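Here the structure is laid out as structure tokens; the discussion comes afterwards.
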Amino acid sequence: MMRSGELEGRFPRAFRVALVRQETPRVRTLVLEGRLAAEPGQFVMAWLPGLDEKPFSLVDGDPLTLAVARVGPFTEAVHRLQVGDRLWVRGPQGRGFALPQGRLLVVGGGYGVAPLLFLARQLVAGGHRVSQV
């Protein structure tokens with residue numbers, strides 16, 4: 001028999017869009033109302049009923065934040081979401097990054113930068129010094 005904590009993340013939860021920020025012509029950041037107990041490096045499955053479900057790396061878990069590149073029909077629909085609209089999210093999924101001690105170099109670019117922003121914030125919160133370029 002499953003305990004209630006084991007069910008968390010298995011079923012989609014509806015989150016309302018709190019903020020939409022245009023980052024580039026093809027990338028929007030969606031800040032959702034609510035949070036997930038997530039770690040840098042984990043991802044969620046975002047779902048729009050009747051359309052599809054796709055994986056997205058987390059930019060942050062509190063508040064729940066996703067960066068979405070417009071590359072196809074599903075992400076086109078996500079880009080049309082406005083403040084107050086709902087996006088269903090399942091997760092977090094996967095294993096987070098290990099947070100090592102000592103000096104660190106975090107390098108990333110393009111779509112791969114989203115989870116690294118989350119990682120950098122966690123490192124700062126843990127007392128690490130983080131420089132950005």
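None of the figures in this text is laboratory data; all of them are computed from the coordinates on show. Because the structure is a prediction, the values reported are computed rather than measured. Virtual Cβ from ideal backbone geometry, glycine too; neighbours counted across all protein chains shown.
Available extension along the chain between ASP85 and VAL71 is 3.0 nm, counting 0.36 nm per residue and deducting the alpha carbon span. Note: relative contact order over the chain, using C-alpha pairs below 8 Å and six or more positions apart, is 29 percent. Where only DSSP H runs of four or more residues are counted, the chain gives -4500 deg cm²/dmol as its mean residue ellipticity at 222 nm, each run worth -39500 (n - 2.57).
Listed peptides 100-112, 26-38 appear in the order 26-38, 100-112 once ranked by packing, highest mean of other Cβ atoms within 10 Å at the front. Cα centroid separation, segment 87-126 to segment 43-58: 19 Å.
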